[in-house]
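Peer 1: Before I ask anything, here is the structure I am working with.
The values are calculated or read from the model by the stated rules, or taken from the named source; none is laboratory data. Fair warning: this is a prediction, and the values are worked out from it, not measured in the lab. In this analysis, Cβ positions are derived from the backbone assuming ideal geometry, glycine residues included, and neighbour counts consider all displayed protein chains.
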Amino acid sequence: MRVVSLVPSLTEAVAVSAPGLLVGATDWCGHPADLDVVRIGGTKNPDVEAILRLRPDLVVANEEENREPDLAALRQAGLTVMVTVVRDLPGALAELERVLVDGCGLGARPAWLDAAREAWDAVRPEAPRRKAVVPVWRRPWMVLGRDTFAGDLLARLGVDHLHAGHPERYPRVPLDELRASGADLVVLPDEPYRFTADDGPEAFPGLPAALVSGRHLTWYGPSLAEAPRVLRAALR
């Protein structure tokens, strides 16, 4: 079977679970570090012709990360495209099983997927719960809003983000409003915007800042098995 992945987390999931199936991935697919496949452009601007030349049996994508016109072009060319929809942890685990077992033809769930389920089943939220703002971009400032996978993971760890009830999933919010939100901390992932110790915390003077791994907060794949431990350590 030949698989092309348009999503970094799905690339890692397929590469770890079924080595040899992947023939193409995006320029942003950095895990596993030694992945040796044809690069077919970005998640938002894949090279459709390059994908067609790879003659994949399956293209895996995500409704949030990839653009519908690109996916429609692939379908129109006769390719099978499996699109994941992820809003929370249970949905992520179910979609991973669908991609790997139903889509890629694995005979059973990979061991890491069971390990991820067990790791999160064992999580008990820390008390007292904390309130956070969670920027995902700056210039302009954008934060986690409603129905996000990252927001669900944080909630399971005892951190409630203050824009969970916003009508948009990734709203633009002025910095002054974020500063005045009454948050206990600001959570700054290193993707999609790469917040660092020198780029992000200074915008929230007096507010504790937690720099967290975007791969563990926003990716649904093998990183989920260690995400509770990694995220909890960063949030302390």
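Peer 1: Is segment 119-135 home to any residue that is β-branched (Val, Ile, Thr), crowded, with 18+ Cβ neighbours inside 10 Å and closer than 19 Å to Arg232 by Cα? Lay out the reasoning, then the answer.
Peer 2: Of all residues in segment 119-135, those β-branched (Val, Ile, Thr) come to 123, 133-134.
Those still in the list that are crowded, with 18+ Cβ neighbours inside 10 Å too: 133-134.
If we keep only those that are closer than 19 Å to Arg232 by Cα too, we end up with 133-134.
Yes, some residue in segment 119-135 is β-branched (Val, Ile, Thr), crowded, with 18+ Cβ neighbours inside 10 Å and closer than 19 Å to Arg232 by Cα.
Peer 1: Taking the options Val86, Val60, name whichever one is assigned by TED's automatic domain parsing to the domain that holds Val16, β-branched (Val, Ile, Thr) and closer than 20 Å to Glu191 by Cα.
Peer 2: Working: Val60 fails: closer than 20 Å to Glu191 by Cα.
Going through Val86, Val60 in turn, the sole match is Val86.
Peer 1: Since Val16 meets every condition but one in (1) buried (at least 24 other Cβ atoms within 10 Å of the Cβ); (2) among the hydrophobic types (A, V, I, L, M, F, W, C); (3) touching a helix residue (DSSP H, G or I) at 6+ places or on another chain (Cβ under 7 Å), which condition does it not meet?
Peer 2: For Val16, the exception is condition (1).
Peer 1: Taking segment 105-137 on its own, how many of its residues are assigned to a loop (DSSP other than H, G, I, E, B) and either among the aromatic types (Phe, Trp, Tyr) or out of contact with any helix residue (DSSP H, G or I) (no Cβ under 6 Å at 6 or more places or on another chain) (or both)?
Peer 2: We begin by selecting, within segment 105-137, every residue assigned to a loop (DSSP other than H, G, I, E, B); these are 105-110, 122-129, 134.
Remaining after also requiring either among the aromatic types (Phe, Trp, Tyr) or out of contact with any helix residue (DSSP H, G or I) (no Cβ under 6 Å at 6 or more places or on another chain) (or both): 105, 107-108, 122, 124-129, 134.
Number satisfying all stated conditions: 11.
Peer 1: Here are some conditions: (1) touching a residue at least 24 places away in the same chain (Cβ under 8 Å); (2) assigned by TED's automatic domain parsing to the domain that holds Pro56. Glu97 meets all but one. Which one does it not meet?
Peer 2: Going through (1) touching a residue at least 24 places away in the same chain (Cβ under 8 Å); (2) assigned by TED's automatic domain parsing to the domain that holds Pro56 one by one, Glu97 breaks only (1).
Peer 1: Scanning for something touching a Phe, Trp or Tyr at 6+ places or on another chain (Cβ under 7 Å) and either in contact (Cβ under 8 Å) with a residue 60 or more places away in the chain or closer than 15 Å to Val16 by Cα (or both), does segment 70-86 turn up at least one residue? Before you say what the answer is, go through the steps one by one.
Peer 2: Residues of segment 70-86 touching a Phe, Trp or Tyr at 6+ places or on another chain (Cβ under 7 Å): 86.
Pick out the ones that are also either in contact (Cβ under 8 Å) with a residue 60 or more places away in the chain or closer than 15 Å to Val16 by Cα (or both) and you get 86.
Yes, segment 70-86 contains at least one residue that is touching a Phe, Trp or Tyr at 6+ places or on another chain (Cβ under 7 Å) and either in contact (Cβ under 8 Å) with a residue 60 or more places away in the chain or closer than 15 Å to Val16 by Cα (or both).
Peer 1: Ala94 versus (1) of a type in the set (A, V, I, L, M, F, W, C); (2) surrounded by fewer than 16 Cβ atoms within 10 Å (Cβ to Cβ); (3) over 15 Å from the mean Cα position of the chain (by Cα): which is the lone unmet condition?
Peer 2: (3)
Peer 1: Let me ask another. Being assigned by TED's automatic domain parsing to the domain that holds Pro140 and touching a strand residue (DSSP E or B) at 6+ places or on another chain (Cβ under 7 Å) is the requirement here; does His216 meet it? Show your work before the answer.
Peer 2: Working: assigned by TED's automatic domain parsing to the domain that holds Pro140: yes; touching a strand residue (DSSP E or B) at 6+ places or on another chain (Cβ under 7 Å): no.
Considered against the rule, which asks whether it is assigned by TED's automatic domain parsing to the domain that holds Pro140 and touching a strand residue (DSSP E or B) at 6+ places or on another chain (Cβ under 7 Å), His216 comes out as no.
Peer 1: Just to be sure I understand, how many residues within segment 13-29 are modelled with pLDDT under 95 and either of a type in the set (Gly, Ala, Ser) or not assigned by TED's automatic domain parsing to the domain that holds Gly103 (or both)?
Peer 2: 2
Peer 1: When you go through Leu71, Leu10 one by one, which is the residue that is surrounded by 23 or more Cβ atoms within 10 Å (Cβ to Cβ) and at pLDDT 95 or above? Before the answer, list the steps.
Peer 2: Working: Leu71 fails: surrounded by 23 or more Cβ atoms within 10 Å (Cβ to Cβ).
Exactly one residue qualifies, and that residue is Leu10.
Peer 1: Continuing with the same structure: When segment 194-213 is examined, which residues are found to be of a type in the set (S, T, N, Q) and buried (at least 17 other Cβ atoms within 10 Å of the Cβ)? If you could, list the steps in order and put the result at the bottom.
Peer 2: Just the residues of segment 194-213 that are of a type in the set (S, T, N, Q), to begin with: 196, 213.
Correct list: Ser213 only.
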